[in-house]
């Protein structure tokens, strides 16, 4: 068995260079001490922020300066920590900054209520008195959007006091499903193996049908045993959101949840309606899978079985680098020039080491490079992850280099667009240039699963979530029977007659933690749809497609997400945006079948 390397055993060229943030821990500690001493001064502004245009501008600029210093400390600490979490020095770095950020949040809690104590018309007058305030116009507008949904100080304090109580349904659900629920053992190759939520995703793809069936039956039977308890946590979460939405003068809980992104409910409905009108494509896919896999008795627990189950090709990191750069060349010379900086200036921490955080991410902000954490093993998934995370990094780079600090941070709503654009461009490049049939089929299989799980599955979740909230808002009683029956009906809709829909699937809603995230899942489907539209425009050489896309990357947090996407010629309100993803899915099905039969 290969021994996991320590951090010191990894060559420097494969580790990110954090000296671009602070040259040493000593420099970091010195700045930490200075910021800590200055932090308390923020309270000097309390009661004075909106007294005059000068005071407002002074507070905004000086608080930004302090915040930038705080977050520079944060990124140095958290990147060091994630590269070696078992290192006591790194633990201390992270802990010290976390404490400082918490303190800063406490000290500045007065700011928004104080701003909202005056009407926005007053702020508009200040723009005339102090034109430099216009640098913050969009930020202030975003704050004042909430004025009609903000209560008086006493009421806000009461709601704040109850915030932990309102979050208790999710806490109870997490405690139950993460800690208390156990699923027993299943038989793998004649041996008893414990089934967990973590390894279920592996066993549901096992080539032995008996293993898939046993894993499915044990998992969902256990959720069925807890149906009453989870119904209570599920309903409690909806009740809390619906109640707060009413208290804050929103028309519905979904409107309240979409409000921060300034997304109209019609965007959500358009997604569901458009996908609902294109069920033929997902049925076509499942029928192809049945044909390729040769499964006549095709059950719900068979849908995760890959058509190309194994592909062992290894890609050295230098090869991955070359593939990603070549795949992204359609984005222009300036894009590639910045991309090369990521490799040459060591923005990327490549290999796994003992104590390193798992997974992958891109992280950075206005006063640092964007940094990428990988745990590269050489699979195609790792190559795709490299492209994906560099998409985030390039978005951050363009945002930070084309906006003032206060407008450099883009919203979560658009965060996955740039990363997915890169992922799709890589896949398209590989399909065009690969000489290996197995490689092409493997990549196509991965893409098909991406569209199936992101467009159709997440939209089914979104439709279910909206339906449940509507029932509560219409004073209907939620019981485990009607919740489970509605979920089963949606499965019938999204799978049609392509398979045997086992009764236990009606309990699947119980294991989806995203239903406690308040209308979040639709963003996955919207993000992939937007990325597909952008990639289509670029690869089809649509006029100004690359320039439009880079204008979107450069927009940062300077506008609302839907408006920023319009820069890339993507309108989230139109069904054509969703249809671009559905049509891509359909063409990938045909491409897979053609290559498979060649």
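What follows is calculated from the coordinates using simple rules that are stated; it is not laboratory data. Worth saying up front: this structure is predicted, and the values here are computed from it rather than measured. Heads up, the Cβs are rebuilt from the backbone with ideal geometry, glycines too, and the neighbour counts pull from every protein chain shown.
See the values below:
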| read-out | value |
| --- | --- |
| In nm, spacing of pseudo-spin labels at residue 340 and residue 269 (7 Å Cα→C-beta vector) | 5.1 nm |
| For the chain: relative contact order, % (alpha-carbon pairs under 8 angstrom, 6 or more apart) | 19 percent |
| Estimated distance in nm for a label pair at residue 85 and residue 127, the labels positioned 7 Å out from Cα along Cα-to-Cβ | 4.6 nm |
| Residue 120-residue 61 pseudo-label distance in nm [points 7 Å out on the Cα-to-Cβ vector] | 2.5 nm |
| Potential lengthening between residue 134 and residue 19 on full extension [0.36 nm per residue; Cα-Cα distance subtracted] | 37.9 nm |
| Relative contact order %, the range 358-481, counting alpha carbon pairs below 8 Å whose residues are six or more apart | 18 percent |
| Principal-axis tilt of helix 317-327 within the chain, Cα atoms, nearest 10 degrees | 80 degrees |
| Prolate/oblate/rounded call for the range 212-335, Cα gyration tensor, a/c under 1.5 rounded | oblate |
| Zero-based 5 Å bins, Cα pair distances in the range 7-150, whole percents | 2, 8, 16, 17, 14, 11, 10, 9, 7, 4, 2, 1, 0 |
| Normalised contact order of the range 7-150, rounded percent, pairs of Cα under 8 Å and 6 or more residues apart | 28 percent |
| Cα long-axis angle, helix 412-433 against the chain (0 to 90 degrees, to the nearest 10) | 40 degrees |
| Label point at residue 33 placed 7 Å out along Cα→Cβ; residues across the range 62-106 whose backbone nitrogen lies under 20 Å | 69-74, 76-77, 89-101 |
| Extension reserve of the residue 571-residue 594 stretch, reckoned as 0.36 nm per residue once the Cα distance is removed | 5.0 nm |
| Relative packing of 336-348, 94-106, which averages over residues the other C-beta atoms within 10 Å, highest first | 336-348, 94-106 |
| Sum of -39500 (n - 2.57) over DSSP H runs of 4+, divided by residues of the chain (222 nm, nearest 500) | -19000 deg cm²/dmol |
| C-alpha long axis of helix 333-344 to longest principal axis of the chain, angle in ° | 90 degrees |
| Size of the chain as Cα extents on the principal axes (Å, biggest first) | 75, 60, 53 |
| Overall form of the range 314-435 per C-alpha gyration tensor (a/c, 1.5; a/b vs b/c) | oblate |
| Three-way shape call for the range 65-181 based on the alpha-carbon gyration tensor, with the a/c threshold at 1.5 | oblate |
| Stretchable slack from residue 182 to residue 194, in nm (0.36 nm times residue separation minus alpha-carbon distance) | 3.4 nm |
